[in-house]
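The values are calculated or read from the model by the stated rules, or taken from the named source; none is laboratory data. Just so it is clear, the model here is predicted, and its values are computed rather than measured. Cβ placement follows ideal geometry from the backbone for every residue including glycine, while neighbour counts extend to all protein chains displayed.
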Amino acid sequence: MLKKQVSIVMGSDSDLSIMKQAAEILDEFGVGYELDIVSAHRTPEKLYDFASNAHKFGVEVIIAGAGGAAHLPGMVAAISPLPVIGVPIKSSNSIDGWDSVLSILQMPGGVPVATVALNGAKNAGILAAQIVSVNDSKVRDKIISYKQQLKEQVIAKSDKIKTQKGV
């Protein structure tokens, strides 16, 4: 069993379809994680307990996803000494996702949250793995390989387009 280096939290189970993308990419890189629901508005005590203690249990990075008012990432960052990556989620009560993006992006000085694109949990997982890789060469090697695969995919697609007639 992998040690839990990353904690993935979300405000509601409706966020799981997006946030599981972070878990999937962490699986690919061999980075251990935990997954939980921590609502900033409905379970503030759980939020405080989680954010103030995660570093004591070996967690190195927190990915926090939320929609609507999206207070979860910022509140976690206000309490935790760990790096926090925020994933704005376009939810059912969202203003086309802008409310979530701005709530996570516009943090006050001293309380940083690294923010990925709307519904960008996969990139949050990659960024978390890159942070973990600073002290884990096995993860770093997997990231290097992943980026090489991305490069090769683009080159293959480029070659395919160049060989098509009429282009």
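Here are the numbers for this structure:
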{"item": "Residues being more than 18 Å from Glu45 (Cα to Cα), in contact (Cβ under 8 Å) with a residue 24 or more places away in the chain and not in a loop (DSSP other than H, G, I, E, B) - total across segment 71-100", "result": "8"}
{"item": "Residues located in segment 27-68, provided they are small (Gly, Ala, Ser) and touching a Gly at 6+ places or on another chain (Cβ under 9 Å)", "result": "Gly32, Ser39, Ala40, Gly58, Ala64, Gly65, Ala66, Gly67, Gly68"}
{"item": "Which listed residue, of Ile104, Ile143, is within 24 Å of Gln5 (Cα to Cα), touching a residue at least 60 places away in the same chain (Cβ under 8 Å) and either among the basic types (Lys, Arg) or not in a loop (DSSP other than H, G, I, E, B) (or both)", "result": "Ile143"}
{"item": "Boolean, Lys138 is touching a Gly at 6+ places or on another chain (Cβ under 9 Å), among the charged types (D, E, K, R), at pLDDT 95 or above and under 22 Å from Glu28 (Cβ atoms)", "result": "yes"}
{"item": "Test: residue in segment 45-57 that is buried (at least 24 other Cβ atoms within 10 Å of the Cβ), touching a Leu at 6+ places or on another chain (Cβ under 9 Å) and within 21 Å of Gln106 (Cβ to Cβ)", "result": "yes"}
{"item": "Residues that are within 21 Å of Gly97 (Cβ to Cβ) and not in a helix (DSSP H, G or I), drawn from segment 113-140", "result": "Val113, Ala114, Thr115, Val116, Ala117, Leu118, Asn119, Gly120"}
{"item": "Residues that are among the charged types (D, E, K, R), farther than 29 Å from Asp141 by Cβ and without any contact (Cβ under 8 Å) to a residue 60 or more places away in the chain, drawn from segment 1-35", "result": "Asp13"}
{"item": "Number of positions in segment 47-70 that are under 14 Å from Met10 (Cβ atoms) and in contact (Cβ under 8 Å) with a residue 60 or more places away in the chain", "result": "1"}
{"item": "Odd one out for Gly30 among (1) closer than 19 Å to Gly125 by Cα; (2) out of contact with any Pro (no Cβ under 9 Å at 6 or more places or on another chain); (3) crowded, with 16+ Cβ neighbours inside 10 Å", "result": "(3)"}
{"item": "The one condition in (1) crowded, with 22+ Cβ neighbours inside 10 Å; (2) over 17 Å from the mean Cα position of the chain (by Cα); (3) of a type outside the set (Ser, Thr, Tyr) that Ile62 fails to fulfil", "result": "(2)"}
